[in-house]
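Below: one structure, written as structure tokens.
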Amino acid sequence: MDARESMTMTTIGVVRFTVGETPVELSVYWLNIYGGGLFLPFRDATYTSETYGAGRYLFDTIKGSDPVPFTHAQDEKQIMLDFNYAYNPSCSYNDRWVCPLAPTENRLDVLIPAGEKNYKEDRS
């Protein structure tokens, strides 16, 4: 994909949960490009030093990383989010890749110390 192209997503839902005592929410998207699929990008407070600065992905169904299926609980649908499966986008490994990053509404002020961390050595 060319860097000038836009990667459009449609918000299809919101997941609400707590981290410690802090209530948070993340938007879940449908990718409107190359085959579509559910997509959940996020950035948490670990981005400053522990994880990729632009955020990580929790799932991208077009690439085969599926969320735990929805189940019914009264009038709400539920999904299990396992942040141990959070991973870096392709662009974190190679500057030639262009990736959709975590939109503003998916930037959390809490730490989620799970999943893939930085892979690059600190050369300072």
- Task: Pop the C-beta distance of ASN118 and GLN78 into the FRET formula with R0 = 25 Å and round what comes out to the nearest 0.05.
- Result: 0.20
- Item | Placed amide H near VAL19: partners under 5 Å, 5+ positions off or other chain | VAL24
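Computed from the coordinates by the stated procedures, all read-outs in this text should not be read as laboratory data. Keep in mind the model is a prediction, meaning the values are calculated, not measured. Heads up, the Cβs are rebuilt from the backbone with ideal geometry, glycines too, and the neighbour counts pull from every protein chain shown.
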